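Taking it in order: structure first as structure tokens, then the write-up.
The values are calculated or read from the model by the stated rules, or taken from the named source; none is laboratory data. The structure displayed is predicted, hence computed values, not measured ones. Heads up, the Cβs are rebuilt from the backbone with ideal geometry, glycines too, and the neighbour counts pull from every protein chain shown.
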Amino acid sequence: MDMSHHIEDILSHWQSEPTDDWVLAVITRVQGSSYRKPGAMMLFHP
């Protein structure tokens, strides 16, 4: 999956419930070994 499809998927989830509270987390830097790389995103919906 390329990054453009990933962003479209995140935005489609957000647009399905735009009045709810959402948190978008983006990894900007890692130190040492890490499963996720800088630029990885996750959308949280409490």
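Pull out all pairs, ordered by first then second residue, where Cβ-Cβ is under 6 Å, the residues are six or more apart or on different chains, the first lies in region 28-46 and is without any contact (Cβ under 8 Å) to a residue 12 or more places away in the chain, and the second is surrounded by 11 or more Cβ atoms within 10 Å (Cβ to Cβ) and not small (Gly, Ala, Ser).
ARG36/ILE27; PRO38/ILE27
Looking only at region 10-46, which residues are at pLDDT below 80, surrounded by 11 or more Cβ atoms within 10 Å (Cβ to Cβ) and out of contact with any helix residue (DSSP H, G or I) (no Cβ under 8 Å at 6 or more places or on another chain)?
The answer is ILE10, LEU11, HIS13, TRP14.
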